[in-house]
Every structure is written in structure tokens, then in C-alpha cells.
């Protein structure tokens with residue numbers, strides 16, 4: 001198992017990616033290897049700061065160029081072929097790695113993943129799949145920002161991608177798929193959602209479609225996969241992140257410090273912390289590409305490595321290809 005990690009991606013690079021890689025290696029079996037891709041001198045210097053003997057399964061690959069967080073994605077990918085994003089994904093395309101992880105420019109990671117890894121036949125557009133915490137079990141929401149406008153066919157494709165991920169990685173044997181709308185009735189929603197409802201209803205042989213769900217249903221934990229376009233999904237994601245900050249801020253203001261340090265409260269904070277879930281897979285590409293939050297900490301990176309290993313070990317990409325090849329989403 002060889003995992004490529006963009007050492008120059010994110011607001012806290014290379015510190016957070018290097019620290020996260022070292023933490024991840026402590027948890028991974030000896031057969032797993034993490035490859036840090038970036039400006040070699042800077043990455044090696046950061047590794048040296050940790051003092052302990054360098055793990056045998058940590059490698060550094062030089063990538064002299066860096067894609068900035070504010071650069072235009074497609075232009076950056078094409079003008080900087082030797083960036084940490086480009087070099088890392090090229091290693092996976094060449095069969096020299098099983099997964100790629102980056103907290104860098106999200107648009108550039110999406111564009112490079114689609115261009116360099118390619119899309120599975122039957123996938124019109126890849127989708128970012130994000131886990132939302134609930135009281136019972138995390139719910140997978142896609143698309144969380146890759147595609148602002150989506151056709152009914154693309155929404156149907158997201159349902160197939162999400163159901164395979166829920167089954168293979170989350171261990172849901174018969175995942176329930178819901179379509180995000182403004183009401184449970186089939187006639188509710190915009191034109192794309194209403195048409196997508198009909199398409200999904202006809203896919204009962206491929207997954208368990210439970211109909212329309214509303215925003216409040218996401219956190220109820222009664223569905224496994226929620227399908228929406230990237231505009232709505234990203235708005236919901238950012239709003240949820242702000243609510244989590246509000247909740248933790250109110251607790252810190254109103255509750256005794258001793259209570260906040262209790263094991264029960266720490267478990268609550270862990271559930272609400274985005275870093276617990278690591279990164280979001282870009283589903284639909286022919287490989288494993290994990291997109292992390294730009295402000296990812298070492299803990300988030302460590303958990304992103306865990307997500308990447310799970311996706312690679314279970315053959316997620318191959319299973320998505322098989323699902324689509326079976327004619328389910330043609």
C-alpha cells in the first residue's frame with residue numbers, strides 16, 4: 001500500500017502534512033508506505049525537525065513547483081506539470097501508488113485528478129463526497145462542491161457513486177439513498193431535482209432509493225447517502241461547519257472547564273471536529289483522490305491517510321467501475 005501525500009498543499013504546509021504522515025505511519029502496518037511529494041529540501045528539513053529516527057516507510061519525492069491556493073485551477077495544472085499535485089497524481093496514474101491526498105487548491109486537485117487519472121466510463125462528472133456527523137452514524141453527502149450546476153443524469157450518477165462508497169468503505173450493506181429537496185413529495189424541488197427523482201425511482205435494482213429528503217433529514221441519520229448538486233452541497237457543508245463552531249463556542253462560554261474536559265464532552269467535540277473525518281474522496285475518477293480541508297491539521301491529514309488506505313484496500317475505484325459497467329448509470 002503506497003499513499004502519496006501532497007506535502008506542499010494546505011494553509012499549514014509542509015508542517016501539517018509531514019506531521020500527519022508521521023502520525024499515520026505509527027498506526028499503519030509495515031506494508032504501508034507514505035510518500036511525501038513536494039520541494040525536497042523543505043520537506044526533508046521539516047521531517048528532521050521531528051528528531052526521531054526517520055521511519056523506513058517514509059519517502060520524499062521532489063516536486064519543485066507549487067500550486068497556490070488562489071491560482072486558477074486548470075491554468076495552474078497545465079502550466080505547472082512538476083507541481084506536488086501533478087507529480088503525485090502522475091505516480092498514481094503510472095501504477096506507482098494506490099492513492100493521492102492533498103489539502104491544496106481544491107479546484108486544481110479536481111482538475112488534475114480528472115485529467116490525469118481519467119473518469120470511469122459512465123461518469124459525466126466526478127463528485128466530492130463528504131461525511132456529515134450525526135448522533136448515530138455519519139451521512140455521506142455528494143456533491144459537496146465539485147459541480148455547481150448538475151443535470152438530472154449527473155445527480156443519478158452521484159447516487160451510484162455514493163452508494164458504492166457507503167457499501168464498500170462505510171460498511172452499509174444496503175445503503176439508503178435520498179435526494180435533497182425542499183419537500184418529501186416527488187413534485188417538490190426545481191426542474192432538475194424533480195426529473196432526477198423519477199430517474200432514481202427507476203433505479204431500485206441498483207440501490208435503495210428512499211425518495212426526497214429535506215435539510216433537517218441529513219442529521220437525523222436515517223439515510224446513508226444524500227444526493228444534491230455542488231452548489232447546494234457546499235452551502236450546506238459550510239453552514240454545518242459554522243454551526244459546529246457556534247455549538248462548541250457556546251459550550252466553552254457557558255459550561256465549567258472541568259465539565260468540558262470530561263470524557264463525554266471530549267467525545268462530543270471529536271464528533272463535531274472535521275479533522276476526525278480526514279478528507280473527502282473525489283468519486284468517479286479512475287483511482288483514489290482524497291481532498292482535504294485547506295486548513296487541515298496534522299490530525300486531519302493522519303485521518304485522511306486512513307480514509308485513503310480504506311478506499312484503496314477495498315478496491316473502491318474498481319467497484320465503481322464495475323457498477324457503472326453493469327449498465328446501472330448509462
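Quick notes on this one:
- The set of residues from segment 287-311 being buried (at least 21 other Cβ atoms within 10 Å of the Cβ) and either part of a helix (DSSP H, G or I) or out of contact with any strand residue (DSSP E or B) (no Cβ under 8 Å at 6 or more places or on another chain) (or both) comprises 297, 300, 301, 302, 303, 304, 305, 307, 308, 309, 311.
- Condition check for residue 193: under 18 Å from the mean Cα position of the chain (by Cα) and touching a residue at least 24 places away in the same chain (Cβ under 8 Å): no
- Test set (1) over 29 Å from residue 11 (Cβ atoms); (2) part of a loop (DSSP other than H, G, I, E, B); (3) at pLDDT 90 or above - residue 321 fails condition number: (2)
- Residue in segment 36-46 that is free of Cβ contacts under 8 Å to residues at least 24 places away in the same chain, part of a loop (DSSP other than H, G, I, E, B) and over 19 Å from residue 301 (Cα atoms) present: no
- Hey, residue 193 in contact with a strand residue (DSSP E or B) (Cβ under 9 Å, 6 or more places away or on another chain), within 29 Å of residue 278 (Cβ to Cβ), surrounded by 20 or more Cβ atoms within 10 Å (Cβ to Cβ) and at pLDDT 95 or above or not: no
- Check on residue 153, outside any loop (DSSP other than H, G, I, E, B) and either touching a helix residue (DSSP H, G or I) at 6+ places or on another chain (Cβ under 8 Å) or in the same structural domain as residue 238 (by TED's automatic domain parsing) (or both): yes
- Taken as a whole, the condition of being more than 26 Å from residue 136 (Cα to Cα) and either out of contact with any helix residue (DSSP H, G or I) (no Cβ under 9 Å at 6 or more places or on another chain) or free of Cβ contacts under 8 Å to residues at least 24 places away in the same chain (or both) applies to residue 187.
- Any hit, segment 229-251, residues being at positive phi and either at pLDDT below 80 or touching a helix residue (DSSP H, G or I) at 6+ places or on another chain (Cβ under 6 Å) (or both): no
- Every test in (1) out of contact with any helix residue (DSSP H, G or I) (no Cβ under 8 Å at 6 or more places or on another chain); (2) more than 25 Å from residue 108 (Cα to Cα) is passed by residue 23 save one, and that test is (1).
For (1) within 18 Å of residue 148 (Cβ to Cβ); (2) in contact (Cβ under 8 Å) with a residue 12 or more places away in the chain; (3) surrounded by fewer than 18 Cβ atoms within 10 Å (Cβ to Cβ), each residue gets a yes or a no:
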position: 200; (1), (2), (3): no, yes, no
position: 215; (1), (2), (3): no, yes, yes
position: 226; (1), (2), (3): yes, yes, no
position: 231; (1), (2), (3): yes, yes, yes
position: 234; (1), (2), (3): yes, yes, no
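The values are calculated or read from the model by the stated rules, or taken from the named source; none is laboratory data. Treat the numbers as computed from the prediction; the structure is a model and nothing was measured. Don't worry about glycine lacking a Cβ; one is built from the backbone with ideal geometry, like all the others, and counts go over all protein chains shown.
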